[in-house]
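Enquirer: One structure coming up, written as structure tokens, with questions to follow.
Coordinate-derived values only; no laboratory data. Not measured: the values here are computed from a predicted model. Positions of Cβ are backbone-derived with ideal geometry, glycine not excepted, and every protein chain shown enters the neighbour counts.
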Amino acid sequence: MKRWALFAAVVAGLLLLQFGFVRQLMAAEIVFALALLVLFVLVLFSYLVGSVCERSLQFARVNVRALLLTWAAVLEQQVLYGNARFGGANVKRHWKAGVTHV
């Protein structure tokens, strides 16, 4: 009978140690999950910032190109058809003649 009592005491002690060990493992798992959650949020934030910057650069690139093409067309019209601000018909005449300095 004493053997069974000793065996039961050892098993009970091991079970108590296992419960404590399981509790520590669960606490460590929760801390690890929180660390992964923080890492996930940082990566998501970095991705979103990069995506927004990339789209804004693409938007700016398209709009600057359109603006430059518009300015080029306006300047071409002013040179071809004359404008007082650019010297009017004199610029057109010199430009057709190939004169670079008026």
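Enquirer: What distance in nm separates the two pseudo spin-label positions at F7 and S46, each 7 Å out from Cα along the beta-carbon direction?
Expert: 5.8 nm
Enquirer: With labels modelled as points extended 7 Å from the Cα through the Cβ direction, what inter-label distance (nm, one decimal) is found for L68 paired with L34?
Expert: Once both label points are built, they end up 5.3 nm from each other.
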